[in-house]
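The next block holds one structure in the form of structure tokens; read it before the comments.
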Amino acid sequence: MKLHELRPAQGATHKVKRIGRGDGSGHGGTSTKGTKGAQARTGYKRKMAHEGGQMPIQRRIPKRGFNNIHRVEYKVLNVGQLEQLAEKYGITEFSLENLYINNLIGQTDKVKILGNGELKGKYTFKVNAVSDKAKGAIEAAGGTIEIVK
């Protein structure tokens with residue numbers, strides 16, 4: 001084999017599609033762009049959400065309410081649930097790390113404890129927020145609360 005006999009593998013190369021070089025090329029005339037109009041012109045870019053003159057969907061659908069960008073989403077746990085979780089997982093300290101290790105919350109979740117139910121055991125809490133009723137129930141049972149930001 002000599003250097004001038006080298007060829008690319010079969011099917012490795014493709015013929016260049018020469019557009020707009022006359023009718024004999026098979027891609028002359030309108031150059032595969034259909035007929036006239038903005039889409040046949042150079043520099044055409046479809047406008048986002050443009051529906052050809054029809055009223056766009058984001059204008060047809062009515063708007064309701066608003067989304068508060070400052071809202072803080074909490075994973076809510078009631079005092080009654082905590083008693084069950086303590087028995088099931090053997091937890092005495094309810095910290096974000098312990099809850100994450102036991103697959104009770106996600107890694108970036110914030111936790112708030114609410115006061116529904118009864119608390120019998122003495123537990124320590126390191127969470128993001130606590131309601132007043134839950135705080136009273138925890139302290140009445142002899143537990144401690146630390147708010148983590």
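A short reminder: the numbers here are calculations on the coordinates, not readings from a lab. Just so you know, these numbers come straight off a predicted model, no measurement behind them. All Cβ positions, glycine included, derive from the backbone under ideal geometry; neighbour counts span all protein chains shown.
Summary of values
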| item | result |
| --- | --- |
| Length gained when the stretch R59-T13 is fully extended (0.36 nm per residue, less Cα-Cα span) | 11.8 nm |
| For the range 53-63, Karplus couplings with θ = phi - 60° (6.51, -1.76, 1.60), whole Hz, Gly/Pro x | x, 5, 4, x, 4, 6, 9, 6, 7, x, 9 |
| Exposure proxy ranking, count of Cβ atoms within 10 Å, fewest first, for V111, V16, V148 | V16, V148, V111 |
| Built amide H within the under 5 Å cut-off of N78, gap 5+ | L114 |
| Cut-off 15 Å between beta-carbons: net charge of the residues surrounding M55, Lys and Arg +1, Asp and Glu -1 | +3 |
| Cα shape, the range 38-136, gyration tensor, a/c 1.5 rule | prolate |
| In order through the range 38-50: 3J(HN,Hα) via Karplus (6.51 cos²θ - 1.76 cosθ + 1.60), integer Hz, x for Gly, Pro | 4, 6, 7, 7, 6, x, 5, 9, 5, 6, 4, 6, 7 |
| Cross-link pairs K75/K120; K88/K122; K15/K47 - those with Cα-Cα distance over 24 Å | K15/K47 |
| Residues H27, H70, sorted so that the one with the fewest Cβ neighbours within 10 Å comes first | H70, H27 |
| For S31, S131, order by how many other beta-carbon atoms lie within 10 Å, fewest first | S31, S131 |
| For I145, distant residues with modelled amide H under 5 Å away | F125 |
| Simple Cβ-charge dipole of the range 74-147, Lys/Arg +1 and Asp/Glu -1, about Cα centre, in debye nearest 20 | 120 debye |
